[in-house]
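This report concerns only the one structure given below.
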Amino acid sequence: MDLKEFFTQYKKTALAFSGGTDSAYLMYAAKTYAEDVRAYYLNSPFQPEFELNDALRLSNELGVELKVINADLNGNLNILKNSSLRCYYCKKNLFEILIKTAKADGYDIIIDGTNASDLEADRPGMRALKEAGVLSPLKMCELTKSDIRFLSKQAGLFTYNKPTYSCLATRIPTGMPITQEMLSKIERAESCLFSLGFSDFRFRIINEKSAKIQVKKEQFEKALDSIENIREELKNDFSSIYVDKEVFR
């Protein structure tokens with residue numbers, strides 16, 4: 001099966017749209033081949049503002065209607081206590097909201113951007129997608145991440161080389177409760193790193209006042225050179241920040 005065949009079979013779909021490379025290409029394919037597609041962006045405290053901005057930009061460029069759903073996760077203790085099943089509970093909650101909204105709009109088929117490179121064993125949230133009956137066309141068509149980047153570049157999508165970006169909650173160690181204050185600190189820290197020219201990294205929390213930065217090998221020396229500046233910029237949020245010797249993969 002290829003994407004044209006998929007959208008010939010599923011002509012009317014609701015797309016769970018994150019603004020990332022995978023769902024961006026899926027939006028392009030749906031716009032090209034489907035009869036009717038509407039995109040839904042789940043705006044939660046776990047998502048940085050630039051992801052919403054990218055989602056709005058691409059939907060505007062492709063002419064696909066985008067519905068932004070504000071999802072308040074602050075009352076869900078299964079998510080906030082941050083157990084090893086946090087991702088499952090979070091996906092379950094978010095897709096319940098999305099599916100309810102999409103069905104009310106007349107869309108019964110829900111699709112998302114999971115691709116063939118995503119290993120199910122590493123993604124507890126995939127269990128929630130299966131339970132919800134969400135279809136993953138990129139995975140069904142055996143398209144890997146590298147395939148999607150290549151096809152996105154051919155299609156002229158600005159997301160073709162966008163770094164992979166997971167939600168802000170993944171920066172907090174399992175077992176450490178998630179708070180809005182900590183999520184805000186992480187977003188400020190990563191905005192600081194973006195402004196200094198870092199492009200593919202993680203800012204990982206150690207405890208309430210300490211954190212470490214993981215960068216790609218080619219930006220490791222830059223991180224060492226910039227660490228004092230980073231500490232100064234973020235001194236009100238963290239008393240200790242260091243560059244991890246383990247590079248980000």
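The criterion of at least 3 residues that are in contact with a helix residue (DSSP H, G or I) (Cβ under 7 Å, 6 or more places away or on another chain) and among the basic types (Lys, Arg) is met, among helices (runs of 4 or more DSSP H) falling completely within segment 28-136, by 86-104.
Comparison of LYS130, LYS162 shows that the only residue that is in contact with a Ser or Thr (Cβ under 6 Å, 6 or more places away or on another chain), closer than 18 Å to LEU15 by Cβ and of a type in the set (D, E, K, R) is LYS162.
Between LEU98, LEU138, the distinction of being crowded, with 17+ Cβ neighbours inside 10 Å, within 30 Å of LYS216 (Cα to Cα) and among the hydrophobic types (A, V, I, L, M, F, W, C) belongs to LEU138 only.
Between ASN236, ASN161, the distinction of being of a type in the set (S, T, N, Q) and within 26 Å of ASN43 (Cα to Cα) belongs to ASN161 only.
On the basis of being modelled with pLDDT of 95 or more and under 20 Å from ARG86 (Cβ atoms), does ALA211 make the cut? When the stated conditions are applied, ALA211 passes them. Once segment 235-249 is narrowed to residues that are over 11 Å from SER210 (Cβ atoms) and within 26 Å of the chain's Cα centre (by Cα), the residue that is surrounded by the fewest Cβ atoms within 10 Å (Cβ to Cβ) is ARG249.
If the condition is being closer than 16 Å to GLY113 by Cα and not in a loop (DSSP other than H, G, I, E, B), then segment 137-154 contributes PRO137, LEU138, LYS139, MET140, LYS145, SER146, ASP147, ILE148, ARG149, PHE150, LEU151, SER152. Could you say whether any residue in segment 24-36 is touching a Pro at 6+ places or on another chain (Cβ under 8 Å) and not hydroxyl-bearing (Ser, Thr, Tyr)? Yes, segment 24-36 contains a residue that is touching a Pro at 6+ places or on another chain (Cβ under 8 Å) and not hydroxyl-bearing (Ser, Thr, Tyr).
I need the full set of residues from segment 175-192 which are out of contact with any helix residue (DSSP H, G or I) (no Cβ under 7 Å at 6 or more places or on another chain) and farther than 18 Å from ASP72 by Cα, in order please. If the condition is that a residue be out of contact with any helix residue (DSSP H, G or I) (no Cβ under 7 Å at 6 or more places or on another chain) and farther than 18 Å from ASP72 by Cα, then GLY175, MET176, LYS185, ARG188, ALA189, GLU190, SER191 are the ones that fit. Of everything in segment 155-169 that is in a loop (DSSP other than H, G, I, E, B) and hydroxyl-bearing (Ser, Thr, Tyr), the residue that is surrounded by the fewest Cβ atoms within 10 Å (Cβ to Cβ) is THR164.
The values are calculated or read from the model by the stated rules, or taken from the named source; none is laboratory data. Here the structure is a predicted model, which means the values were calculated and not measured. Methodologically, a virtual Cβ is constructed for each residue, glycine included, from the backbone with ideal geometry; neighbour enumeration extends over all protein chains shown.
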